[in-house]
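**Q** Have a look at this one before I ask anything.
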Amino acid sequence: MKGNKIAVSLREISKSYGGSKILNNVSFNVWEGEFLVILGPSGCGKTTLLRILAGLDEQDSGDVLFYGQNVSGLPPRKRDLGVVFQEPSLFKHMTVSQNVGFGLKVKGVPKYQIVKQVSEILDMVGLSGFESRMPNSLSGGQQQRVALARALVLKPHLLLLDEPFSALDIKTRQKLRSDLKEIQQKFGITTIFVTHDQEEAFELGDRIVVMNSGKVEHIGTPEEIYDYPKTEFVASFIGTVNVIKSRVENGKVPLGLIPLELPPGSKFNEDDPVKVLIRPENIVVEKSIKKLKSEEITTGKILNMVLLGPMVRIKVSLGHGVSLISARPKAEVSEQKLKEGDKVFVYISKYSIFPEETEILITVPITKILKV
């Protein structure tokens with residue numbers, strides 16, 4: 001469970017390499033017991049940030065605080081943390097038990113306690129019976145479990161993980177993600193997990209920090225990140241989104257033949273260039289008007305359909321050269337017997353509007369079904 005204490009605080013962290021700005025005034029807090037995921041594309045600075053947290057790299061400016069204490073400049077061994085990287089980096093000449101107990105041995109923990117603690121943690125990560133195995137006899141997933149056990153057995157205040165599952169196959173990744181979340185909740189350990197995988201981030205994170213070009217774009221719960229992104233980058237990076245360029249005309253934004261209303265208090269001026277963003281699942285396609293809850297309905301025509309497992313991607317034209325991608329459940333499409341060329345009714349449940357040249361997002365739920 002998340003506590004009410006701030007476990008980690010980053011204050012205006014900046015870092016450059018060879019004249020290139022890798023991190024630019026990054027600041028955020030992590031709550032005690034929280035599972036925080038840092039998500040972003042390659043090169044956004046997320047791994048550099050994790051290495052600074054671990055004490056493996058030093059920031060050019062800014063401070064790192066653990067429970068209010070400034071640990072900037074402290075070596076990793078004095079930061080009371082566990083780190084798991086993409087490569088497990090196990091000692092090849094040591095057994096599983098020896099690998100996991102190595103840190104305890106260095107700390108001078110009595111042998112009988114090491115045996116007990118190692119046994120307990122191996123059972124927790126699903127490796128009971130593997131104590132005498134050598135690393136080269138283990139699968140990639142098993143090796144990462146050993147690396148995780150080695151970090152957890154020291155009972156650190158903070159656990160850092162840098163894309164630990166990215167080199168594993170899909171089924172192994174899914175299993176380890178589930179196990180990691182369960183273990184983290186059982187320990188109540190504050191965890192920071194770096195990934196470029198959106199599915200991983202949404203499954204694991206209590207909150208997600210989305211980074212881009214060395215900056216924090218948005219911090220929030222998975223639901224907040226997906227439904228109410230603060231910048232256009234976040235909206236486009238997370239999931240799939242339709243982006244349609246338009247301009248403000250008579251206080252509204254045309255989408256094909258549809259005049260979209262701006263929210264009260266918006267600061268758009270006449271003729272301002274804007275972008276309308278709509279997620280595919282927020283576009284309902286129906287053959288029958290009876291299933292929709294409004295008298296006003298958008299009309300459209302299905303241009304093509306692609307089966308994507310349990311979902312069907314439908315491209316629908318709204319007129320005036322505007323087309324949108326909808327994503328509907330396969331069962332729903334089959335029930336309606338939808339096919340290419342069908343004239344349909346379209347309901348857009350939610351959309352967002354951005355100024356074209358800025359990254360300020362204004363969220364606008366559609367209050368009525370629109371008519372072409």
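The values are calculated or read from the model by the stated rules, or taken from the named source; none is laboratory data. Owing to the predicted nature of the structure, the values given are computational and were not obtained by experimental measurement. Reconstructed Cβ throughout: ideal geometry from the backbone, glycine too, with neighbour counts over all protein chains shown. The accessibility values were calculated without ligands, DNA or RNA, using every heavy atom of the protein model including side chains. Shrake-Rupley method; radii C 1.70, N 1.55, O 1.52, S 1.80 Å.
**Q** Those residues that are of a type in the set (A, V, I, L, M) and open to solvent by less than 30 Å² (accessible area, probe 1.4 Å), I need them from segment 149-185; list them, please.
**A** Across segment 149-185, the qualifying residues are Ala149, Ala151, Leu152, Val153, Leu158, Leu159, Leu160, Leu161, Leu168, Leu176, Leu180, Ile183.
**Q** Ok, one more. For Ser246, state whether it is more than 15 Å from the chain's Cα centre (by Cα) and over 27 Å from Ser317 (Cβ atoms).
**A** So Ser246 fails the test.
**Q** Let me ask another. Scanning for something without any contact (Cβ under 8 Å) to a residue 24 or more places away in the chain and over 21 Å from Phe35 (Cβ atoms), does segment 149-167 turn up at least one residue?
**A** Checked segment 149-167: no residue is without any contact (Cβ under 8 Å) to a residue 24 or more places away in the chain and over 21 Å from Phe35 (Cβ atoms).
Let's see how each residue does on (1) open to solvent by 60 Å² or more (accessible area, probe 1.4 Å); (2) among the hydrophobic types (A, V, I, L, M, F, W, C); (3) modelled with pLDDT under 95; (4) closer than 26 Å to Glu223 by Cα:
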| site | (1), (2), (3), (4) |
| --- | --- |
| Lys5 | yes, no, yes, yes |
| Ser9 | no, no, no, yes |
| Gly19 | yes, no, yes, no |
| Val26 | no, yes, no, yes |
| Glu34 | no, no, no, yes |
| Ser42 | yes, no, yes, yes |
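**Q** So which residues in segment 241-275 are in contact (Cβ under 8 Å) with a residue 40 or more places away in the chain and assigned to a loop (DSSP other than H, G, I, E, B)?
**A** The answer is Gly256, Leu257, Leu262, Pro263, Ser266, Phe268, Asp272.
**Q** Say we look at segment 275-319 and pick out the residues that are among the acidic types (Asp, Glu) and surrounded by 12 or more Cβ atoms within 10 Å (Cβ to Cβ); which of these is modelled with the highest pLDDT?
**A** Glu281
**Q** Mind checking which residues of segment 186-222 are farther than 18 Å from Ile13 by Cβ, among the hydroxyl-bearing types (Ser, Thr, Tyr) and touching a residue at least 60 places away in the same chain (Cβ under 8 Å)?
**A** Result: Thr191, Thr195.
**Q** If you check Ile238, Ile170, Ile225, which single one turns out to be out of contact with any Cys (no Cβ under 8 Å at 6 or more places or on another chain), at negative phi, without any contact (Cβ under 8 Å) to a residue 12 or more places away in the chain and of a type in the set (Val, Ile, Thr)?
**A** Testing whether each residue is out of contact with any Cys (no Cβ under 8 Å at 6 or more places or on another chain), at negative phi, without any contact (Cβ under 8 Å) to a residue 12 or more places away in the chain and of a type in the set (Val, Ile, Thr) leaves just Ile170.
**Q** Among residues belonging to segment 186-219 that are under 14 Å from Phe237 (Cα atoms) and open to solvent by 70 Å² or more (accessible area, probe 1.4 Å), point out the one that is farthest from the chain's Cα centre (by Cα).
**A** Per the stated criteria, the residue is Ser213.
**Q** Could you tell me whether Gln113 is open to solvent by 20 Å² or more (accessible area, probe 1.4 Å), closer than 20 Å to Lys186 by Cα and modelled with pLDDT of 90 or more?
**A** no
**Q** Could you list, in sequence order, the residues of segment 71-92 that are touching a residue at least 40 places away in the same chain (Cβ under 8 Å), part of a loop (DSSP other than H, G, I, E, B) and open to solvent by 30 Å² or more (accessible area, probe 1.4 Å)?
**A** Asp80, Phe85, Gln86, Glu87, Ser89, Phe91, Lys92
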